[in-house]
Amino acid sequence: MNGNESTINLDVIRWDERNSRLELLDQTRLPGEVVMLSCATVQDAWDGIFRLSVRGAPAIGIAAAYAVCLAFKPSDNISVATALRQVQVAIEHLATSRPTAVNLFWALDRMKAVTIDATDANQLHAKLLAEARAIHIQDRELCDSIGRYGAARLGLARRILTHCNAGALATGGNGTALAPIYEMHRRGIAVEVFADETRPLLQGARLTAWELTRAGVPVTVITDSMAGSILRAGKVDAVIVGADRITARGDVANKIGTYPLAVLARYHQVPFFVAAPQSTFDLTMTDGSEIPIEQRSANEVTALSGWLGVDNVPRVFNPAFDVTPAELVTAIITDLGVIDAPNESRVRAALARVG
């Protein structure tokens, strides 16, 4: 396996140059079917992001960047003023798709910056597409860096527990939380993974186990409620997860169920790592109480794969994410290096290395 290539050997996100369309690997169909979703309009892309056809903070940002390019086509023969209006509308609409993942807003801000001083619609479209591709390529490089730093920081850890999916399916490269695991595997280090199933949408069981198996990494799926038992039994050397937003003090928003896993890891004295690129940090927010938490449909909890598991439920609470406070995080592994025992001064110092 080449660390510079997609571990699962699939294009999770790609731009169809011939038809000027965005294509997304429809992750709602995995692992049963490998199907590409074709997005011809901004609304198509918005729907794909919202319904989790593409998910994972870095991948959401990449998909949104390409989606801006769907606001108009060079063949539309429109004025630059009209093109700029359509791009602005597209950016504002895409920003409403997923409120927690900060990479979405980071990518859209970069696309908006491209519109400055635009004098020609065709030139504008070319610049937008070039920026989307640059975001995509950069994320692949960030994943590789996370993999190298993470492999070194994990040290002798060989039995690793993860939650949700923060691998190649969630990024433009080999993942965030899974990148160190892939790097260790590439080096010939015998590593094995326990993957929480991750209720209610089973991203760990459906996606993490699927891509790790394709890459030849031994993986065992467990129910979310089993994590404490295997930690107590001493079967886990380290826990590593991804992130959708990290505040200035190092509080981490990630898939629901991450916080209790961090508490369990602390109680059992197992290191708890978070892996994320620089684009996942939001220094405008000091602590986790400021992070907007997306509320998802009740159907995700009451139904499983189309089977109605809970009937006549009067109320359902379904937040997509929870927040893990910095004091429970052993270290944050970034593309810029490792932030041990994260706090505001260490986080800001690490991010100051950008550029």
### Task
Report yes if some residue within region 19-32 is out of contact with any Ser or Thr (no Cβ under 7 Å at 6 or more places or on another chain), surrounded by fewer than 22 Cβ atoms within 10 Å (Cβ to Cβ), assigned to a loop (DSSP other than H, G, I, E, B) and at positive phi; otherwise report no.
yes
### Query
Taking only pairs six or more apart or across chains, which ones have beta-carbon atoms under 6 Å, a first residue in region 171-194 that is farther than 23 Å from residue 255 by Cα and among the charged types (D, E, K, R), and a second residue that is modelled with pLDDT under 95 and in a loop (DSSP other than H, G, I, E, B)?
186/1; 186/3
### Query
Is it the case that region 82-91 has a residue that's more than 24 Å from residue 278 (Cα to Cα), under 25 Å from the mean Cα position of the chain (by Cα) and either assigned by TED's automatic domain parsing to the domain that holds residue 272 or surrounded by fewer than 21 Cβ atoms within 10 Å (Cβ to Cβ) (or both)?
yes
### Message
Testing residue 93 on (1) of a type outside the set (Phe, Trp, Tyr); (2) closer than 27 Å to residue 281 by Cα; (3) not in a helix (DSSP H, G or I), one condition comes back false. Which one is that?
### Response
(3)
## Note on the structure
Scanning region 61-90 residue by residue, those over 17 Å from residue 119 (Cα atoms), in contact with a Leu (Cβ under 9 Å, 6 or more places away or on another chain) and not in a loop (DSSP other than H, G, I, E, B) turn out to be 61, 63, 64, 65, 66, 67, 68, 90
### Query
What are the residues in region 107-123 that are under 20 Å from residue 61 (Cα atoms) and surrounded by 14 or more Cβ atoms within 10 Å (Cβ to Cβ), if any?
107, 108, 110, 111, 112, 114, 115
### Query
Is it fair to say residue 76 is under 30 Å from residue 247 (Cβ atoms) and either surrounded by fewer than 15 Cβ atoms within 10 Å (Cβ to Cβ) or in contact with an Asp or Glu (Cβ under 8 Å, 6 or more places away or on another chain) (or both)?
no
### Message
For the structure I just gave you, tell me whether residue 107 is out of contact with any helix residue (DSSP H, G or I) (no Cβ under 7 Å at 6 or more places or on another chain), closer than 22 Å to residue 45 by Cβ, outside the structural domain of residue 283 (by TED's automatic domain parsing) and modelled with pLDDT of 95 or more.
### Response
no
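So which residues in region 203-226 are under 22 Å from residue 332 (Cβ atoms) and either β-branched (Val, Ile, Thr) or out of contact with any strand residue (DSSP E or B) (no Cβ under 6 Å at 6 or more places or on another chain) (or both), if there are any at all?
Within region 203-226, 203, 208 qualify.
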### Task
Filter region 52-96 down to residues that are at pLDDT 95 or above and on the phi > 0 side of the Ramachandran plot, then give me how many there are.
2
### Query
What number of residues in region 146-202 are closer than 27 Å to residue 297 by Cβ, of a type outside the set (A, V, I, L, M) and out of contact with any strand residue (DSSP E or B) (no Cβ under 7 Å at 6 or more places or on another chain)?
6
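The values are calculated or read from the model by the stated rules, or taken from the named source; none is laboratory data. Predicted model only: the values in this text are computed from it and were never measured. Ideal geometry is used to build each Cβ from the backbone, glycine not excepted, and the neighbour counts take in all protein chains shown.
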